[in-house]
Structure formats: C-alpha cells, structure tokens
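The values are calculated or read from the model by the stated rules, or taken from the named source; none is laboratory data. Please read all numbers here as calculations on a predicted model, not as lab measurements. Quick reminder, even Gly has a Cβ in these numbers, built from the backbone with ideal geometry, and neighbours come from all protein chains shown. Surface areas here come from the heavy atoms of the whole protein model, side chains and all, with no ligands, DNA or RNA. Shrake-Rupley method; radii C 1.70, N 1.55, O 1.52, S 1.80 Å.
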Amino acid sequence: MKPGIRDMEKVIRLLEKAHGVEPWNWHTRQNAFQVLIGTVLSQRTKDANTDKAARALFSRYPTPERLSRASVEDIEPLIRPSNYYRTKARKVREIARIVSEEHMGKTPDSMEELVKLPGVGRKTASCTLLYGHGIGRIPVDVHVQVISQRLGWTKEKDPDRIQEDLEAKLPRKEWCRINELLVKHGQAVCLTRHPRCHICPVERFCSYPGKMLERGK
Ligand code: SF4
C-alpha cells in the first residue's frame with residue numbers, strides 16, 4: 001500500500017524526535033557561496049573530511065573574489081582531505097571566478113543558473129538553494145535515495161526524478177527538513193548495506209521487503 005501524506009508526515013515527526021534538529025555538519029551552515037563550494041568539496045567525500053577541507057579553504061579564501069585570485073597550487077593542499085582534490089581545486093576556483101565576475105560576487109539563487117557552474121549538478125544546486133539561500137528543496141543524495149525507496153515514498157530510481165516525486169508529494173513546509181533527517185537516519189539507523197530495522201523508530205511505516213530479516217539481527 002502506498003503511504004499517504006499523513007503517514008509521511010508522521011515519519012518526519014518521528015525522525016525529528018529520534019535524530020534531533022541540530023546541524024550534523026559544518027559546511028552546510030555557512031553563507032551561500034561557502035555552502036556551494038563546501039558541497040562541491042563534499043562530492044564522494046565523508047562529511048568530516050569535507051569539513052576539514054572547507055575550514056582550511058575558507059580560512060584563507062572566504063569570498064568569491066579572494067578565491068578567484070588564488071592559484072590552483074595554493075588551493076590544492078588546503079582541500080587535500082577531500083577526494084579528487086586536484087580536479088576540485090580547478091573547479092572551485094572557476095566557480096569563484098564566475099560568481100565574482102558574472103554575478104557581481106553574489107551566489108546565484110536559481111537552479112537554472114547554479115547548474116551552469118562547473119561541477120554543479122542538481123544535488124549540489126539544491127543544497128546551495130536549501131542551506132545557503134533558505135529556499136526549500138529536497139536534495140537527493142544516497143541516503144535520501146535509499147531511504148525514500150525503502151519507505152515506499154517513491155518508486156523512481158534516478159535521483160532527479162526522486163527529487164521531483166518527493167517535492168510533488170510533500171508539502172513545501174516539509175521540504176527543508178527531509179535531506180537533513182534522512183542523512184542522519186541513514187548514518188545512524190538505515191545503513192545502506194545493513195539497515196538496523198530492529199531499532200528503527202519508523203519501522204511500522206516502512207515497506208522495505210528485507211526489514212523482517214534485518215529486524216531479527
Ligand atoms: S525499517 Fe529498516 S529499512 Fe525501513 S527505514 Fe527503518 S531501518 Fe530503514
């Protein structure tokens with residue numbers, strides 16, 4: 001049976017109760033430009049390493065103007081904790097140049113403009129809109145993808161389609177919490193490989209076929 005909106009909202013309330021509303025990382029709690037750059041650094045990288053790289057980078061180059069004037073050789077060692085740091089060093093400097101020169105130092109606040117930047121796809125753009133500009137979106141990372149499928153919230157497989165599906169189903173007032181809650185749930189309980197269904201606070205709302213097996217562990 002497909003979950004209705006009331007059940008989806010009950011799940012959100014239970015996850016808020018279980019995981020709290022405290023921020024779980026540093027790089028998404030900064031200004032819009034730093035959220036944008038931090039999210040590029042976070043691609044294929046653990047949050048703790050992303051935060052290390054972002055802190056080091058912004059301590060030297062906190063604004064688009066300053067980062068655009070840095071050399072790639074200066075940026076690389078600062079962001080080394082982030083995976084693919086060499087490629088990312090070129091990308092973040094180019095993003096800084098475009099924001100600085102073409103947007104007068106202001107980070108774009110539309111999906112259309114953000115996805116034109118190098119290394120910025122819909123997920124990074126959605127994170128920038130949500131955490132940098134306070135514009136409600138549902139960025140779909142691996143946790144949002146896996147958990148929304150397990151809960152039966154979506155049957156889509158492609159992250160962009162999942163985002164469209166979730167945004168169509170959930171009222172706007174809920175959008176801003178979904179990414180954060182599902183990331184926390186995915187890190188603590190609904191692990192990608194072996195979900196800990198035996199301690200899951202939303203187990204009764206979940207349609208994941210393997211949950212009985214996982215519950216017995
Ligand atoms: S019951 Fe299991 S699969 Fe379903 S949300 Fe909870 S941990 Fe994830």
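At-a-glance table
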read-out	value
0 to 90° range, to nearest 10: angle between helix 5-19 axis and the chain longest Cα axis	70 degrees
Most to least packed among 193-202, 14-23 [average Cβ atoms within 10 Å]	193-202, 14-23
Average accessible area per residue (Å²) across the stretch 151-217 - probe 1.4 Å, nucleic acids and ligands excluded	55 Å²
The chain: relative contact order in percent, alpha carbon pairs under 8 Å with at least 6 residues between	21 percent
Cross-link pairs K2/K46; K173/K211; K2/K157; K52/K169; K52/K91 - those with Cα-Cα distance over 28 Å	K2/K46; K173/K211; K52/K169
Nearest 10 degrees, 0 to 90: helix 85-102 Cα axis against the chain principal axis	70 degrees
For the stretch 62-110, accessible area per residue (1.4 Å probe, heavy atoms of protein chains only), Å²	58 Å²
Simple label model, 7 Å out from Cα along Cβ direction - H103 to E22, nm	3.2 nm
Viscosity 1.567 mPa s, 4 °C: Kirkwood-radius Stokes-Einstein D of the stretch 1-89 over Cα pairs, µm²/s	88 µm²/s
Three-way shape label, the stretch 76-153, alpha-carbon gyration tensor, a/c 1.5	oblate
Acute angle (nearest 10 degrees) that the helix 32-42 long axis makes with the longest principal axis of the chain, alpha-carbon atoms	70 degrees
With every protein chain in place, the chain: carbon and sulfur % of accessible area (1.4 Å)	50 percent
Whole-number D in µm² s⁻¹ for the stretch 144-207, Kirkwood Cα-pair radius fed into Stokes-Einstein, 20 °C, 1.002 mPa s	176 µm²/s
Ellipticity estimate at 222 nm from DSSP helix runs (n ≥ 4, -39,500 (n - 2.57)) divided over the chain, nearest 500	-17000 deg cm²/dmol
Listed residues D165, D109 arranged by accessible area, highest first, probe 1.4 Å	D109, D165
Global form of the chain, assessed from the alpha-carbon gyration tensor, a/c cut-off 1.5	prolate
Full-extension gain in nm, T87 to K46, via 0.36 nm per residue minus C-alpha separation	13.1 nm
Dipole magnitude (debye, nearest 20) for the chain, charges at Cβ of Lys, Arg, Asp, Glu	700 debye
